[in-house]
Amino acid sequence: MLSIKQEVIKLLSVFVILLILLFASLMFINVNYGINTDTRNTMIYQGALLERTLDESGTLPPAVDSGMLSIYNDFNSMPNYLRQSFTWTEMKNRQMIEKYVYDDGENKRYIYAMKYPIKRLDKPVYLILNYYDDLENQIKYDYKIQRGNLVLIVIGLILIITTIVLFTLVLYWRLLHPVERMFNWITHPDQSPQPASKELKYTELNSIVDSVELNRQREQDIIKREAFFLRTLSHELRTPIAIILSSAELLERVITRSGSEHKSISESGLAQSYSSPNTKLIKGAERATGRILYAVTNMKKLVQTLLWLSRKNEAPLPISRVNLATVISKVIEDNRYLLQDKSVDIDDENIDRQAQVSANDTVIQLLLENLIRNAMQYSHQGTIRITASTHLFMISNPVDSPDDSPVGSASDGNSHCSDTYQDHESYGIGLYLVEKICQKKQYRYEMETQSNQVTAKLYFSP
């Protein structure tokens with residue numbers, strides 16, 4: 001796509017070329033027209049002199065043949081080649097006709113012929129201007145005319161080009177420079193200060209700058225409120241999460257101790273009648289405690305990630321070698337309850353069991369958990385296919401309609417992780433985290449929707 005500057009240069013270039021061609025054509029036409037007009041006026045002048053001589057002396061002067069100008073008072077007195085070369089009977093009075101002819105000696109001549117009416121005698125005289133072609137070539141008559149014409153054309157072209165250059169400079173400083181100034185400020189606001197009204201010159205450009213600046217301020221306010229909310233929420237959640245986590249760990253130790261005591265009593269045979277109900281109770285408490293610990297641990301990781309995302313200059317998260325297959329298997333098992341009462345299968349045959357990535361384990365788990373959980377949540381029948389390698393995680397799941405897409409995005413085309421998801425609020429904070437983590441870690445995320453199949457791809461390198 002062309003820029004405004006390129007478009008103006010292109011249009012001016014075409015305009016200059018057309019103007020040069022038009023000017024050259026007009027110069028050649030003007031020179032030829034001037035020569036013809038001057039020749040015709042000369043012949044008419046000769047006819048007027050004959051009329052004056054007739055008025056003064058009462059008779060016409062005898063026929064004249066000077067080599068270049070010939071005057072014939074009678075048609076029959078003309079040479080035969082002149083009578084045959086022109087249609088004198090059809091020629092109008094004072095009409096000049098020109099053509100190349102060959103005389104009786106086979107010499108090539110360029111002839112100007114005119115029939116001039118003498119009113120007192122009620123008959124015309126015949127005026128002939130003839131130029132020998134070989135003699136004209138010797139004196140280079142046409143060459144001098146062309147050379148003079150070319151000099152005028154060159155001078156005219158220089159004037160045209162100078163005018164166009166000056167016009168272009170004025171156009172640039174009056175129109176293009178303000179536009180470029182505004183463009184540089186919009187694209188590089190940190191490197192270029194906001195242009196003043198006098199710099200932009202025009203009301204429309206100043207209105208655009210004011211609108212952009214207003215939108216930027218609003219955007220900055222939204223970002224600040226968002227960052228403040230994340231920091232505040234994360235800090236407020238840390239205390240209750242720590243309390244719940246420590247309480248769950250204490251409960252786990254109590255249950256483990258009770259289980260050991262109960263096992264000892266059961267082995268001693270002292271309380272066989274109570275062993276079965278107590279065993280079920282202890283196992284149920286263990287499962288409940290495990291779910292509490294899992295949920296609280298995830299909440300703790302979520303809070304840490306939110307704090308990390310909300311801090312611009314914080315040190316990077318610790319990096320380790322994360323086995324993708326292990327994380328995927330754990331996420332699938334922890335969220336398998338989402339597939340209850342659904343005809344959905346999970347195909348994990350394309351997972352490289354040895355695939356590892358250098359990343360923070362919490363970040364990887366959050367990304368994979370949100371993508372897998374959403375695929376499981378919004379699939380009602382069919383097969384969820386998961387592919388994983390060192391550089392790529394891909395999950396494809398069936399949906400009933402485009403509105404059931406895991407990310408709630410538009411169903412036509414691809415989306416990058418830095419794009420704004422239109423409806424991610426409908427799916428909780430998980431996809432918001434996917435978007436923000438991709439931006440901060442420079443991961444590339446793509447979403448493709450074809451018919452009733454949605455495919456999400458996560459590249460661990462830009």
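Data overview
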quantity: Estimated dipole of the range 1-72 in Debye, rounded to 20 [Cβ of Lys and Arg +1, of Asp and Glu -1, Cα centre]; calculated: 580 debye
quantity: Lysine pair count for the range 1-136 [Cα-Cα under 22 Å; pairs on different chains or 8 or more apart]; calculated: 6
quantity: In Å², nearest 10: area of Lys440 left accessible to a 1.4 Å probe; calculated: 70 Å²
quantity: Solvent-accessible surface (1.4 angstrom probe) belonging to Thr163, in square angstrom, nearest 10; calculated: 90 Å²
quantity: Nearest-0.05 FRET efficiency for Tyr45 and Ser66, computed from C-beta distance (R0 25 Å); calculated: 0.95
quantity: Peptides 71-82, 187-198 ordered by average Cβ neighbours within 10 Å, highest first; calculated: 71-82, 187-198
quantity: Ranked packing of 367-374, 382-389, most packed first, by mean Cβ within 10 Å; calculated: 367-374, 382-389
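The values are calculated or read from the model by the stated rules, or taken from the named source; none is laboratory data. Note that this is a predicted model, so its numbers are computed, not measured. Reconstructed Cβ throughout: ideal geometry from the backbone, glycine too, with neighbour counts over all protein chains shown. Side chains included, ligands, DNA and RNA excluded: accessible areas come from the protein's heavy atoms. Shrake-Rupley method; radii C 1.70, N 1.55, O 1.52, S 1.80 Å.
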